Amino acid sequence: MSTTVITDPTTNAPFPDNKIPSARFSPAAQALLKVSPLPGPDGFTHYSLFSKEDASDYVARGDYR
């Protein structure tokens, strides 16, 4: 089994315990994580979009001279 060592891009030194300290995370990303749903058992986050629009709507275009 191959283990990847995560290194600090500014110093090229490996992070302690191979974990990036949370102080290095972007404040915007940390705020976004507070409102985003947790991933499912497969590791992916699934979103559902519900719409009251009728799915049988059509779009048409006409040109004339």
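Taken together, the values in this text are just the output of simple stated rules run on the coordinates, not laboratory data. The structure displayed is predicted, hence computed values, not measured ones. Quick reminder, even Gly has a Cβ in these numbers, built from the backbone with ideal geometry, and neighbours come from all protein chains shown.
Yes or no: T7 surrounded by 10 or more Cβ atoms within 10 Å (Cβ to Cβ), within 20 Å of the chain's Cα centre (by Cα) and without any contact (Cβ under 8 Å) to a residue 60 or more places away in the chain? Full working, then the answer.
Numbers: surrounded by 10 or more Cβ atoms within 10 Å (Cβ to Cβ): yes; within 20 Å of the chain's Cα centre (by Cα): no; without any contact (Cβ under 8 Å) to a residue 60 or more places away in the chain: yes.
So T7 does not fit the description; no.
Taking only the stretch 17-46 into account, find how many residues are among the acidic types (D, E), assigned to a helix (DSSP H, G or I) and more than 23 Å from T7 (Cβ to Cβ).
Within the stretch 17-46, the subset among the acidic types (D, E) is 17, 42.
Now restrict to residues that are assigned to a helix (DSSP H, G or I): 17.
The next check asks that each one be more than 23 Å from T7 (Cβ to Cβ); those that pass are none.
The total comes to 0.
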